[in-house]
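Asker: My structure is below; once you've seen it, I'll send some questions.
The values are calculated or read from the model by the stated rules, or taken from the named source; none is laboratory data. A quick note: this is a predicted structure, and the numbers were derived from the prediction, not measured. Cβ atoms come from the backbone with ideal geometry, glycine included; neighbour counts cover every protein chain shown. The accessibility values were calculated without ligands, DNA or RNA, using every heavy atom of the protein model including side chains. Shrake-Rupley method; radii C 1.70, N 1.55, O 1.52, S 1.80 Å.
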Amino acid sequence: MGSLGIYSESGVTKKGSRGYDVPEGVDIRGRYDEEFAKILNKEALLFVADLQRTFRNHIKYSMECRREAKRRYNEGALPGFDPATKYIRDSEWTCAPVPPAVADRRVEITGPVERKMIINALNSGAKVFMADFEDALSPNWENLMRGQINLKDAVDGTISFHDRVRNRVYKLNDQIAKLFVRPRGWHLPEAHIFIDGEPATGCLVDFGLYFFHNHSNFRRSQGQGYGPFFYLPKMEHSREAKIWNSVFERAEKMAGIEKGSIRATVLIETLPAVFQMNEILYELRDHSVGLNCGRWDYIFSYVKTFQAHPDRLLPDRVQVGMTQHFMRSYSDLLIRTCHRRGVHAMGGMAAQIPIRDDQKANEVALELVRKDKLREVKAGHDGTWAAHPGLIPACMEVFTNNMGNAPNQIRSVRQDDAANLTEEDLLQRPRGVRTMEGLRLNTRVGIQYLAAWLTGAGSVPLYNLMEDAATAEISRVQNWQWLKYGVELDGDGLGVRVNKELFGRVVEEEMERIEKEVGKEKFKKGMYKEACKMFTRQCTAPSLDDFLTLDAYNYIVIHHPREISRL
Ligand SMILES: CC(=O)SCCNC(=O)CCNC(=O)[C@H](O)C(C)(C)COP(=O)(O)OP(=O)(O)OC[C@H]1O[C@@H](n2cnc3c(N)ncnc32)[C@H](O)[C@@H]1OP(=O)(O)O
Ligand SMILES: O=CC(=O)O
Ligand SMILES: [Mg+2]
């Protein structure tokens with residue numbers, strides 16, 4: 001993967017072989033496109049390069065700390081509250097007041113930064129749309145760059161889409177949801193943009209380009225003087241929040257806007273971060289608009305954190321819901337923490353989506369969503385997530401009926417009894433059974449999700465549920481865990497243990513089933529075989545891969561002139 005060298009040795013910037021006009025030290029290795037070049041203009045790239053240069057050592061150190069924490073957990077330590085930051089948890093302070101533009105967030109829709117979906121989501125009737133560069137997006141070059149173009153058009157108010165097959169034109173309504181953008185997690189590189197000879201940090205590219213092109217219009221049209229607004233994923237420690245806070249301050253300074261203009265909601269979706277909620281809010285106190293229960297990554301993180309703890313194996317994925325004690329405790333602690341600090345405590349995603357061809361099944365799915373949302377609003381959450389426009393009316397009704405006319409419950413619900421929730425509550429072992437069907441379903445879902453991801457789709461409907469990178473991770477790590485510890489399956493009384501031989505047979509049979517379900521033609525044209533190979537390797541690896549998308553990313557990086565790169 002040699003650099004093709006698009007900046008001159010004399011240091012004078014010139015047009016590179018791929019056509020982009022780049023500042024010194026920046027090398028764009030993705031395909032050239034005139035539209036992309038408007039996003040990747042020299043000023044925008046200078047801003048991204050400045051962020052990368054200012055924060056790269058902080059990011060490297062934070063990732064090193066993650067590895068060190070993992071080493072400790074693998075030696076038997078449990079995550080817990082940090083005695084060194086007790087003063088932050090115990091003292092009284094609040095975050096900056098919530099901007100009026102986002103006081104009411106009772107239902108938020110999420111989705112990838114795809115053009116039609118952005119329009120549909122903004123028009124959906126939800127209060128907020130979280131446009132996703134993360135769990136719901138396969139970060140290939142085309143998706144990323146088109147995503148930036150789409151968001152710019154959305155913020156400008158000019159976005160439209162012509163569905164030629166249905167001869168339907170999509171445009172924004174007069175009333176639209178407020179836009180939040182979720183950049184990738186700290187761990188993901190952007191291998192199409194090199195800065196000083198290294199791949200850029202994915203989230204700084206996502207954040208930097210979006211902020212650079214939109215901050216001014218956003219604050220005028222959407223934020224009532226605040227913004228842009230962000231969601232921040234997959235953090236494990238407040239030191240990572242501190243980097244984001246500094247990134248925001250630097251961006252505000254560059255743009256010449258007031259400190260505290262940018263606002264972000266942090267997803268609490270790793271097990272270590274549940275013990276850092278106060279500390280994370282404290283670091284971001286000038287820029288915070290709350291925390292969110294990213295329940296799917298949280299379950300994934302529970303398995304990952306306890307990968308060397310065979311006494312903490314998960315039951316079947318379908319049984320690890322929000323009513324498990326450790327999940328309920330996490331949501332309760334998040335609500336109390338946020339309300340004490342004066343910000344939103346957002347609920348999470350129910351995975352059900354509408355089932356169009358079966359009315360009865362559809363009603364059952366809707367009822368599960370209603371039940372989940374009712375639990376959230378009664379527990380004190382200020383809003384929730386929906387994966388599909390068809391779910392918005394039901395979610396809206398539940399929250400509105402239970403929150404009354406107030407835009408949120410920040411001041412009215414539970415602020416003071418967080419101390420009753422202990423480390424034991426947060427770590428309590430999940431209950432349930434481990435079955436052959438659980439192993440099979442994980443395998444079917446994991447392979448099909450990866451096959452979709454490799455072909456550019458980061459969120460897909462599978463078996464009437466929304467699947468994205470976070471839900472697929474659960475399938476992967478659960479299989480890995482059961483294989484690693486030779487779990488005895490429940491259900492048939494035969495004492496069947498999960499081992500490589502059994503898993504090999506399951507993979508073979510589930511691939512046959514997938515082929516039947518999707519049809520021979522689609523199966524042949526798709527990336528199912530590659531996905532199967534990758535998923536099988538990941539499930540049987542002696543040590544657990546940190547993220548399934550790190551390995552898979554190597555297959556979607558395409559350098560131009562065309563060459564596949566491996567990081
Ligand atoms: C764990 C987490 O991180 S959750 C957050 C990340 N995950 C997500 O954001 C997933 C979001 N949801 C989705 O991507 C989609 O709903 C899927 C892939 C699950 C299903 O999508 P589809 O198969 O297209 O659903 P379906 O065919 O029922 O869509 C009907 C219409 O709703 C639109 N739609 C569906 N979901 C969304 C959405 N989330 N946002 C906007 N529009 C949507 C479709 O584009 C389609 O529009 P059209 O009628 O104008 O053509
Ligand atoms: O990002 C959300 C999650 O549940 O994971
Ligand atoms: Mg997530």
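Asker: Given H placed on each backbone N at 1.01 Å, which residues far from A264 in sequence or on other chains put an amide H within less than 5 Å of it?
Answerer: Correct list: F230, S288, V289.
Asker: Please enumerate, by chain and number, the lysines with C-alpha under 21 Å from the C-alpha of K529, excluding those fewer than 8 residues away in the same chain.
Answerer: K500, K516, K520
Asker: A further question follows. Report the full-extension gain for the segment E437 to V364: residue separation times 0.36 nm, less the Cα-Cα distance, to one decimal in nm.
Answerer: Contour length minus Cα-Cα distance gives 24.2 nm.
Asker: ³J(HN,Hα) across segment 246-260 via Karplus (A = 6.51, B = -1.76, C = 1.60, θ = phi - 60°), whole Hz, x for Gly/Pro?
Answerer: 5, 4, 4, 4, 5, 5, 4, 5, 4, 7, x, 10, 4, 4, x
Asker: If you don't mind, another one. Tell me the accessible surface of D546 in square angstrom (1.4 angstrom probe, heavy atoms of protein chains only), to the nearest ten.
Answerer: Probe radius 1.4 Å; accessible area of D546 about 60 Å².
Asker: Solvent-accessible area per residue for the chain at a 1.4 Å probe radius, Å²?
Answerer: That works out to 41 Å² per residue.
Asker: Round to the nearest 0.05 the FRET efficiency obtained for V318 and R67 when R0 = 25 Å and r is the Cβ-Cβ distance.
Answerer: With a Förster radius of 25 Å, E is 0.20.
Asker: With every protein chain left in place and a probe of 1.4 Å, what is the accessible surface of H58, to the nearest 10 Å²?
Answerer: The accessible area comes out at roughly 100 Å².
Asker: Oh, and also: Residues with amide H under 5 Å of F180's amide H, sequence separation 5 or more or different chain, H placed in the peptide plane at 1.01 Å from N; which?
Answerer: Under 5 Å from the amide H of F180: F129, M130, A131.
Asker: A further question follows. Using a/c under 1.5 as the rounded threshold, could you call segment 238-331 rounded, prolate or oblate? The axes a ≥ b ≥ c are square roots of the C-alpha gyration tensor eigenvalues, and prolate needs a/b larger than b/c, oblate otherwise.
Answerer: Since a/c reaches 1.5 and a/b is larger than b/c, the shape of segment 238-331 is classed as prolate.
Asker: 222 nm [θ] for the chain, helices only, -39500 (n - 2.57) per DSSP H run of 4+, per residue, to 500?
Answerer: Helix contribution divided over all residues of the chain: -14500 deg cm²/dmol.
Asker: Enumerate the aspartates and glutamates that K253 could reach by cross-link, defined here as Cα to Cα under 12 Å, with residues fewer than 8 away along the same chain left out.
Answerer: Candidates past the 8-residue exclusion: nothing left.
Asker: So, taking all protein chains as they sit and a 1.4 Å probe, how much accessible area belongs to C539, in Å² rounded to tens?
Answerer: Answer for C539: close to 0 Å² accessible.
Asker: Under the rule a/c < 1.5 gives rounded, and otherwise a/b versus b/c splits prolate from oblate, where does the chain land using the Cα gyration tensor?
Answerer: rounded
Asker: Still on this structure: What list of ³J(HN,Hα) couplings, whole Hz, do you get for segment 443-455 from phi and the Karplus terms 6.51, -1.76, 1.60, once you set θ to phi - 60° and write x for glycine and proline?
Answerer: Along segment 443-455, the couplings run 5, 4, 5, x, 5, 5, 5, 4, 4, 5, 4, 5, 9 Hz.
Asker: Got a number for carbon plus sulfur as a percent of the chain's accessible area, 1.4 Å probe?
Answerer: About 50 percent, which is the carbon plus sulfur part of the accessible surface.
Asker: What list of ³J(HN,Hα) values in whole Hz, one per residue of segment 89-101 in order, does the Karplus curve 6.51 cos²θ - 1.76 cosθ + 1.60 (θ = phi - 60°) give from phi, with Gly and Pro shown as x?
Answerer: 3J(HN,Hα) across segment 89-101, in whole Hz: 5, 7, 7, 9, 7, 10, 6, 4, x, 5, x, x, 4.
Asker: Residue separation times 0.36 nm, minus the C-alpha to C-alpha distance between E509 and D174: what's the value?
Answerer: Value of the extension gain: 115.5 nm.
Asker: Also: Under the rule a/c < 1.5 gives rounded, and otherwise a/b versus b/c splits prolate from oblate, where does segment 171-257 land using the Cα gyration tensor?
Answerer: Prolate, since a/c reaches 1.5 and a/b exceeds b/c.
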